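Visitor: Quick one: this structure, given as structure tokens, is what I'll be asking you about.
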Amino acid sequence: MIVVAALNPRIQVTVDDALAQAMARIEPDPGSRSRLVRDLAMRGAQAVEQEREQAADALQVLLDIADGALAYDFDAAADLVARRGDRLP
């Protein structure tokens, strides 16, 4: 018997209840659980990257307002907040 090592490192992932439920929501009967976990990890990484990019963009807007590079009407914003009622948190 010839033993061939995997070309890429592997990791172990415990399929706890939370992960099992997440996997079942996406693909109840996957052909390969390993492939499903990999695909979810790759999509999760993209989501985290997008969240970080959005946070950086939001921070830049705030910095631009603070530096005066972006006009912002604080009085109009305060008026909107005062009139928001139950529509906004």
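Visitor: Using all C-alpha to C-alpha distances in the range 17-83, build P(r) with 10 Å bins and read off the rounded percent in each one.
Guide: Calculated P(r), rounded to whole percents: 17, 25, 19, 15, 19, 5.
Visitor: Relative to the first principal axis of the alpha-carbon coordinates of the chain, what is the inclination of helix 74-83, with its axis defined by its Cα atoms, in degrees from 0 to 90 and to the nearest 10?
Guide: Helix 74-83 and the main axis of the chain meet at about 70 degrees.
Visitor: Right, here's the next one. Per the helix-only calculation at 222 nm, which mean residue ellipticity applies to the chain, given -39500 (n - 2.57) for every DSSP H run of n ≥ 4 and division by its residues, nearest 500 deg cm²/dmol?
Guide: Result for the chain, helices only: -21000 deg cm²/dmol.
Read-outs throughout are calculated quantities, based only on the coordinates presented, and are distinct from any laboratory measurement. A quick note: this is a predicted structure, and the numbers were derived from the prediction, not measured.
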